[in-house]
Amino acid sequence: MFWLQPFISGFIGWVTTWLAIKMLFHPRDPIRFLGITIQGIFPKRQKQVAEKLGGVVAKELIHFSEIAIQLKDPEMLNSLTPTIEKHLDNFLHVKLKEKLPVISMFVGDSTMQKIKEGMLEEIGLLLPEIIHQYTDSLSKKIDIEKMVTEKVSNFSSDKLEEILQAVMKKEFWFLEVVALVLGLVIGLIQMGLSLL
């Protein structure tokens, strides 16, 4: 039994850490035991976690001004040109001629091409302003902090545990291993002190 001391200490270290990790999520609902209420930390504090996370996301991670800058980036706008050009071609050569058939009699393809080029140039100047107004309007209408807070608050306890386990699985495993090793070391020290 004496030689089992390090293994017993290691096992105790591992079990207590495993239990502590489980108690982050369980029990999901409060349980009264000997006048004490027991509940997992995350289920108990889900609302506070949601509020803090909402604040962090809104203040530190997502800013409409940065989104607007990305959307107004010339490369981003240039990537839209083929779609706009295709739409203008369809409008000028099909829809406009259907609505105003007389145009096809007086306006040739070269004139239509010049009209399209002028419209593309005008749209290119207009797009950044439209995007700026749109993102500015969105930033006033959408409360990111409130949106994130509500979503996290409404997560089921199972979903919250699933997310946190997925993110921190390696860290939880590492804590369990460290607790096991520390328990073994403490057991060896105790055994060494007993021999003295």
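Counting only residues that are assigned to a helix (DSSP H, G or I) and out of contact with any helix residue (DSSP H, G or I) (no Cβ under 6 Å at 6 or more places or on another chain), which one in segment 150-159 is nearest to Phe25 (Cα to Cα)? So that I can check it myself, show each step before the final result.
Within segment 150-159, the first condition is being assigned to a helix (DSSP H, G or I), and the residues that meet it are 150-153, 157-159.
Now narrow it down to the ones that are out of contact with any helix residue (DSSP H, G or I) (no Cβ under 6 Å at 6 or more places or on another chain): 150-151, 158-159.
On the way: Glu150: 20, Lys151: 18, Asp158: 9, Lys159: 11 Å.
Among residues in segment 150-159 that are assigned to a helix (DSSP H, G or I) and out of contact with any helix residue (DSSP H, G or I) (no Cβ under 6 Å at 6 or more places or on another chain), the one nearest to Phe25 (Cα to Cα) is Asp158.
Of all positions in segment 47-64, none carries a residue that is farther than 19 Å from Asp143 by Cα and touching a residue at least 12 places away in the same chain (Cβ under 8 Å).
Just to be sure before I move on: is Lys141 exposed (fewer than 11 other Cβ atoms within 10 Å of the Cβ) and either closer than 30 Å to Gly55 by Cβ or in contact (Cβ under 8 Å) with a residue 24 or more places away in the chain (or both) in the structure I sent? The answer is yes for Lys141.
Might you let me know whether segment 23-39 holds any residue that is surrounded by 12 or more Cβ atoms within 10 Å (Cβ to Cβ) and assigned to a helix (DSSP H, G or I)? No, segment 23-39 contains no residue that is surrounded by 12 or more Cβ atoms within 10 Å (Cβ to Cβ) and assigned to a helix (DSSP H, G or I).
Yes or no: segment 59-82 includes at least one residue that is at pLDDT 85 or above, over 21 Å from the mean Cα position of the chain (by Cα), surrounded by 16 or more Cβ atoms within 10 Å (Cβ to Cβ) and not in a loop (DSSP other than H, G, I, E, B). Checked segment 59-82: no residue is at pLDDT 85 or above, over 21 Å from the mean Cα position of the chain (by Cα), surrounded by 16 or more Cβ atoms within 10 Å (Cβ to Cβ) and not in a loop (DSSP other than H, G, I, E, B).
Is there a residue in segment 162-173 that is surrounded by 15 or more Cβ atoms within 10 Å (Cβ to Cβ), part of a helix (DSSP H, G or I) and not hydrophobic (A, V, I, L, M, F, W, C)? Within segment 162-173, none of the residues are surrounded by 15 or more Cβ atoms within 10 Å (Cβ to Cβ), part of a helix (DSSP H, G or I) and not hydrophobic (A, V, I, L, M, F, W, C). Restricting to segment 144-161, and then to whatever is buried (at least 16 other Cβ atoms within 10 Å of the Cβ), of a type outside the set (A, V, I, L, M, F, W, C) and more than 17 Å from Ala58 (Cβ to Cβ), can you tell me which residue is modelled with the highest pLDDT? Among those residues, the one meeting the criterion is Glu161.
The values are calculated or read from the model by the stated rules, or taken from the named source; none is laboratory data. It should be emphasised that the depicted structure is a prediction, and the values quoted were computed from it without experimental measurement. Note: ideal-geometry Cβ built from the backbone for every residue, glycine included; neighbour counts use all protein chains shown.
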